[in-house]
1. What are the residue pairs meeting all of these: first residue in the range 124-144, first residue in contact (Cβ under 8 Å) with a residue 12 or more places away in the chain, second residue hydrophobic (A, V, I, L, M, F, W, C) and open to solvent by 60 Å² or more (accessible area, probe 1.4 Å), Cβ atoms under 6 Å, and 6 or more apart or on different chains?
2. Among the numbered criteria (1) open to solvent by less than 20 Å² (accessible area, probe 1.4 Å); (2) free of Cβ contacts under 8 Å to residues at least 60 places away in the same chain; (3) under 25 Å from Gln372 (Cβ atoms), which single criterion is violated by Asp217?
3. Looking at Gly174 and the list (1) more than 16 Å from Val209 (Cβ to Cβ); (2) open to solvent by 10 Å² or more (accessible area, probe 1.4 Å), which single condition is not satisfied?
4. Given the conditions (1) of a type outside the set (Asp, Glu); (2) out of contact with any Leu (no Cβ under 8 Å at 6 or more places or on another chain); (3) outside any loop (DSSP other than H, G, I, E, B), report the number of the one that Tyr147 does not fulfil.
5. Somewhere in the range 377-394, is a residue free of Cβ contacts under 8 Å to residues at least 12 places away in the same chain and of a type in the set (Gly, Ala, Ser)?
6. From the list Ser156, Ser253, which one is at pLDDT 90 or above, buried (at least 24 other Cβ atoms within 10 Å of the Cβ) and of a type in the set (Ser, Thr, Tyr)?
7. Does Lys239 count as farther than 29 Å from Asp165 by Cβ and basic (Lys, Arg)?
Amino acid sequence: MSARSLVRSPVSYSAVNECFTYNSRRSRSFYQCSNTMKLQRPQVGQMLLPRKLRKSTRWQTALFTQRQIVSNCCSDLSTTYAEELPNYLALNVLQDQPNAKQENVRKVLVILNPNSGFRSSREVFYKKVQSTLKLSGFAMEVVETAYAGHAKVLASTVDLSTCPDGIICVGGDGVVNEVLNGLLGRDDLHEALQLPIGIVPAGSDNSLVWTVLGIRDPVSAATALAKGGFTPIDVFAVKWTQAGVTHFGLTASYCGFVADVIQLSEKFRLQLGPFRYVIAGLLKFLSLPQYRFEVDYLPLSPERDPKPKSPIENVHGQLSDASKVKRGTEMDCSTGDDWITRKGGFLGILVCNHFCKPAQGLLSPVVAPKAQHDDGSLDLILVHGSGRLRLFCFFVAYQFCWHLLLPFVEYVKVKQVKIRPVGSTHSGCGVDGELLQVEGQPEWHCSLLPAKGRLLGRHPST
């Protein structure tokens, strides 16, 4: 008897053929059959082969048997395993999504900034996000921005009936800020405030979605959008008092060193992408100027309820593009309470709407640890003094979240802030990564709107 017939003879083909009978209740016949197929041990009296030769022969016999039986079984199946897998995965992804039914189609406008980050936002959306949103029941109209401010124009002119379920921004915090200002500049302000904003992070920095929703990559953002839900968030306004121009934001406003870095980084946007902030910061650090400001702030009284008043009917604001005041809109700028004034040199002034955790970097330090995105208050951080040594100490301590322990750092929760540059100090003011530049010595007035914006998605912890 040959070695080949000796090893193949003990194989139980009846058990194997029986297990390959197609069962309509199971969609994984291949694996069920391969697991049940076993080779019997040689019977007593048969010639034993060396162990290595015996193992090699068994592998060859098992492989030959699988190929022969599977080829006969696949003809009886309605679909092959390779064809079945995508549908199976899609079914499991959508089983947990109540909004994935065909009758619950969610119509949204997708505004994509192709120049965000390393100009990879187009690839990120079409390869990583679009298919997930389609499977989740989204009907999307995708528009790519062609110039700076295009997203604001789109949000201010779009027919809201074509995207009743929101606007999804693909890019960085800048495109989100443009969409917000476009919505708040509309005549139908009541409907615009009800429209939620979704974010797919694909820009230089996406602090907003990382801080508020705990999302720092596009795939997680697509999953959060598919699950649905909304997250309320405060909206703050930065008003140029002399001209009556107002710009809205969701993250932070800043003056001093950070504003200068934002201005200088625009020169390296196309060449360096997200790394432009590092280069601009080093260059500005080496040529650090003197910053002098007058700061008036209205502290938040602990005995008062910091929550904003009830929603839409009390919304007040002036629109950023018009010198005239729209009908029924006026910001709450009352000065009857006790204001506190700070004058002198400041390395930086930051007004935060949430705790501002940058998405880039290894440590992701927190700027304002006591801030919440829906607490109805602003968090003011004043970095007193001047000089490179003090600025270096601040940024080193900031990387380890120790910056609030420094004696020259003042941290207070406020309702309103007024900032006036003094002398030759740079008059620009940054809002959500965008720099507002004006002529002369303006007065910047930061305050909260008594109504909340809405973001699409929820934090994983909720």
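The values are calculated or read from the model by the stated rules, or taken from the named source; none is laboratory data. Computed from a predicted structure; not experimentally measured. Virtual Cβ from ideal backbone geometry, glycine too; neighbours counted across all protein chains shown. Calculation scope for accessible area: heavy atoms of the full protein, side chains included, ligands and nucleic acids excluded. Shrake-Rupley method; radii C 1.70, N 1.55, O 1.52, S 1.80 Å.
1. Lys128/Val219; Gly137/Val105; Ala139/Val105
2. Going through (1) open to solvent by less than 20 Å² (accessible area, probe 1.4 Å); (2) free of Cβ contacts under 8 Å to residues at least 60 places away in the same chain; (3) under 25 Å from Gln372 (Cβ atoms) one by one, Asp217 breaks only (1).
3. Against the list (1) more than 16 Å from Val209 (Cβ to Cβ); (2) open to solvent by 10 Å² or more (accessible area, probe 1.4 Å), Gly174 comes up short only on (1).
4. (3)
5. no
6. Working: Ser156 fails: buried (at least 24 other Cβ atoms within 10 Å of the Cβ).
Residue meeting the stated conditions: Ser253.
7. Numbers: farther than 29 Å from Asp165 by Cβ: yes; basic (Lys, Arg): yes.
So Lys239 passes the test.
Table: residues versus (1) exposed (fewer than 12 other Cβ atoms within 10 Å of the Cβ); (2) out of contact with any Asp or Glu (no Cβ under 7 Å at 6 or more places or on another chain); (3) at pLDDT 60 or above.
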site: Phe275; (1), (2), (3): no, yes, yes
site: Tyr297; (1), (2), (3): no, yes, yes
site: Leu300; (1), (2), (3): no, yes, yes
site: Thr329; (1), (2), (3): no, yes, no
site: Gly345; (1), (2), (3): no, yes, yes
site: Leu363; (1), (2), (3): yes, yes, yes
site: His373; (1), (2), (3): no, no, yes
site: Leu382; (1), (2), (3): no, no, yes
